[in-house]
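The values are calculated or read from the model by the stated rules, or taken from the named source; none is laboratory data. Fair warning: this is a prediction, and the values are worked out from it, not measured in the lab. Neighbour counts are summed over all protein chains in view; Cβ atoms, including those assigned to glycine, are modelled from backbone coordinates with ideal geometry. Side chains are part of the model used for accessible areas, which takes the heavy atoms of the whole protein and leaves out ligands, DNA and RNA. Shrake-Rupley method; radii C 1.70, N 1.55, O 1.52, S 1.80 Å.
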Amino acid sequence: MAGEPLKVLDALDVAKTQWYHFTAIVIAGMGFFTDAYDLFCVSLVTKLLGRIYYHKEGSTKPGELPSNVAAAVNGVAFCGTLSGQLFFGWLGDKMGRKRVYGMTLMLMVICSVASGLSFGGHPSSVVATLCFFRFWLGFGIGGDYPLSATIMSEYANKKTRGAFIAAVFAMQGFGILAGGVVAIIVSSAFDAKFPAPSYQENPAASTVPEADYVWRIIVIFGAFPALLTYYWRMKMPETARYTALVAKNAKQAAADMSKVLQVELESEQDKIDEGKSKNDFGLFTRSFLRRHGLHLLGTTSTWFLLDIAFYSQNLFQKDIFTAIGWLPPAKTMNAIEEVYRIARAQTLIALCSTVPGYWFTVALIDVMGRFVIQLMGFFFMTVFMFAIAIPYKHWTLESNRIGFVVMYSLTFFFANFGPNATTFVVPAEIFPARLRSTCHGISAASGKAGAIIGAFGFQYAEKAIGVKKTLIILGVVNALGMFFTFLVPESKGKSLEEVSGEAGEGDESITESRTHSIPV
């Protein structure tokens, strides 16, 4: 395959946007919708868990999860996600994208339901079972990252590939939004049916027994969108790039894509047989290090740094909003009303900044390029984070709280119209087909390592050094992300084989991709 590309791959690269592209986006995207819902819905109910299971008789304020328990509930799913990204990323290159795709989805469905049914007669047993099932939920979610990105990149044409992969990831925004909407609906319904006084009026009566159903319903709901798309995932054919370049079966690749593209494609087994010996270097080899080592360092470091800031902000919005007085003190509300208020605040942020940011990336990624969007996103995240952190006392004044929310929303907007989308897109494009899922999994797992630091670290940092200094640290982290972006090559408008070097895997193609990593 060292010269002319396979016709089946060329046909995919130049194919006009068709119905199957949108079908693939929805099928892969619903996995990400579920991922985001499951990962972030827990932040809506942690305050409620504290009231239900950690109430202290005679206390002047409602029960709260102890720091170690809160960190575990928020962070354990990320530990599972990290493990799943590495394992399923590797498995996707060994067994094929399609075969592994269904496993991850069913794991997510089962563990979403099991998390909501967490059992036990003592707070510690309820939290322990919740954490156990959320770990395995995260494990399934982790597999969805490399598989969804790789499948979409290998199905897409080169002209709009970035938009298609970004559109899959943009479903994450709708998942975050859905979490808030479901929590608003459930909490409103329960609050209307089971009215209760505020905590300061009657501590014991402020948390009705039925409140235990609220968090369980919110958590279980995440199983339904994943279950709806399971059948369609199983109907998708294996990607032609895996079948031809990894499984070395040109006949099957041509047959599968002939049905998808509705054109006749011939098998070119002889080209694959010619290229076998040239394209077989592994991940832990000198050849990979020389050709893709800096690329992998770029994708892992930028995703790691992004997720420290992004997940800290997402998971602990409620704490920041309370600190500046945007949410009323917990003791002035009953337990279910507090869920409603937190959900309303997070939904507003998602609606005004998170969701639009994702779709700005979808619209412009194939125009501006991945490099420019990522660099710009990190830059503005840094600017707005410092603008919030340095005059932090100014933003806590009642007259300036709306300004704070606007500034805080803009950091989310530029995270999503920036590195939160591009760090997902690029690893699915720049590595060889036989290592694409593995390298995407490694990059994503590096991101989740950052998310774990964000989830556990922010919890302790805000108590140890205060919200202001913690936000300054997040600003520095964003600034570092800008510098590491220069290691990531630009893949706009190139075929996957061209940008990964598989079109003729030699030093020239890789050198060329590096020199184009900084546009001039």
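3J(HN,Hα) along region 68-77: 5, 6, 4, 5, 5, 4, 6, x, 5, 5 Hz, from the Karplus curve 6.51 cos²θ - 1.76 cosθ + 1.60 with θ = phi - 60°, whole Hz, x for Gly and Pro. Computed on region 154-245, the Cα convex hull volume stands at 136 Å³ per residue.
Note on residue 269 and residue 390: their simple-model spin labels are 6.7 nm apart, each label 7 Å out from Cα toward Cβ. Note on region 344-501: along the principal axes its Cα atoms extend 55, 31, 29 Å, ordered by decreasing extent. Among the listed pairs 98/235; 159/251; 7/259; 259/494; 159/492; 331/468, those whose Cα-Cα separation exceeds 19 Å are 159/251; 259/494; 331/468. In summary, the convex hull built on the alpha carbon positions of region 141-190 has an orientation-averaged projected area of 4.1 nm². Distances between placed amide hydrogens fall under 5 Å for residue 491 paired with 370, 371, all partners being 5 or more residues away or on another chain.
Mean separation of Cα pairs under 8 Å and 6 or more residues apart, divided by the residue count, gives region 370-469 a relative contact order of 31 percent. The 3J(HN,Hα) values that the Karplus relation (6.51, -1.76, 1.60; θ = phi - 60°) gives for region 404-415 are, in residue order, 4, 4, 4, 5, 5, 5, 5, 5, 5, 4, 7, 5 Hz. Gly and Pro appear as x. Shown here is the pair-distance distribution of region 41-139: with all Cα-Cα distances grouped in 5 Å bins from zero up to the longest one, the shares run 3, 13, 20, 21, 15, 10, 8, 5, 3, 2, 1, 0 percent. Would you indicate which of [x] 43, 32, 21; [y] 36, 29, 22; [z] 43, 25, 18 is the value of semi-axes √(5λ) of the Cα gyration tensor in Å derived from the coordinates of this structure? Step by step, semi-axes √(5λ) of the Cα gyration tensor in Å for this structure corresponds to label [z]. Amide H to amide H, with H built 1.01 Å from N, residue 249 comes under 5 Å of 244, counting only residues 5 or more places away or on other chains. Remark on residue 327: its backbone amide H falls under 5 Å from those of 322, a criterion applied only to residues 5 or more positions apart or on other chains, H modelled at 1.01 Å from N.
Computed with a 1.4 Å probe on the full set of protein chains, the accessible area for residue 126 sits at about 10 Å². Partner lysines whose Cα lies under 18 Å from the Cα of residue 193, excluding those fewer than 8 positions away in the same chain, are not found. Computed from Cα atoms, the angle from the helix 123-155 axis to the main principal axis of the chain rounds to 30 degrees. Across region 383-389, rounded Karplus estimates of 3J(HN,Hα) from the backbone phi angles (6.51 cos²θ - 1.76 cosθ + 1.60, θ = phi - 60°) give 4, 6, 5, 5, 5, 7, 6 Hz, Gly and Pro being marked x.
Across the chain, the relative contact order, built from alpha-carbon pairs under 8 Å that are at least six residues apart, equals 25 percent.
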